[in-house]
1. Can you find a residue that is of a type in the set (A, V, I, L, M), outside the structural domain of residue 17 (by TED's automatic domain parsing) and surrounded by 11 or more Cβ atoms within 10 Å (Cβ to Cβ) anywhere in the stretch 87-95?
2. Considering the stretch 12-53 alone, what residues qualify as being surrounded by 11 or more Cβ atoms within 10 Å (Cβ to Cβ) and of a type in the set (A, V, I, L, M, F, W, C)?
3. Can you tell me which of 80, 25 is in a helix (DSSP H, G or I), more than 21 Å from residue 96 (Cβ to Cβ) and touching a helix residue (DSSP H, G or I) at 6+ places or on another chain (Cβ under 6 Å)?
4. Considering (1) in contact with a Lys or Arg (Cβ under 6 Å, 6 or more places away or on another chain); (2) at pLDDT 85 or above, say which one residue 71 fails and leave the rest.
5. For the stretch 54-76, how many residues are loosely packed, with under 14 Cβ neighbours inside 10 Å and under 24 Å from residue 20 (Cβ atoms)?
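The values are calculated or read from the model by the stated rules, or taken from the named source; none is laboratory data. Just so we're clear, the structure is a prediction, and the values are computed from it rather than from any experiment. Because the Cβ atoms are built from the backbone with ideal geometry, glycine has one as well, and the counts that use them run over all protein chains shown.
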Amino acid sequence: MSRLCPRCGHNCRTHFRPGDKGRMELYLRWLDKYERREDEETPIGLILCAGRKQETVRLLDLEASGIRVASYWTEALPREQLVRKLHQAVRLARERLQASAADPATKRNEDEP
């Protein structure tokens, strides 16, 4: 029995779901164990989906697992909405930069390459 998506009302698999994290972690661990060469860094994962809830992504602490979630637009947005989203993205990027600059744990040691 299939369930309808609570966000769009369709029977879709295009929105991020918490279970996607587990599948990506399994894939990344397999890749790290069986495919990664000694000269390569630990693999990272990118989940591309039509929609996501920021709070869900934050609560799952995906960055600690080397996973990022990005969403794409399935339809062209009206100009006003596009401008609003672009301004929001710039604001969020600036906030992240300020937060990382203020957090001493994220600063690199000057002696490190």
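1. Of the residues in the stretch 87-95, the ones of a type in the set (A, V, I, L, M) are 89-90, 92-93.
Checking the rest, the ones that are also outside the structural domain of residue 17 (by TED's automatic domain parsing) come to 89-90, 92-93.
Keeping just the survivors that are surrounded by 11 or more Cβ atoms within 10 Å (Cβ to Cβ) gives 92.
Yes - at least one qualifying residue is present in the stretch 87-95.
2. 12, 16, 24, 28, 30, 31, 44, 47, 48, 49, 50
3. 25
4. Only one criterion is unmet by residue 71, namely (2).
5. Total meeting the criteria: 12.
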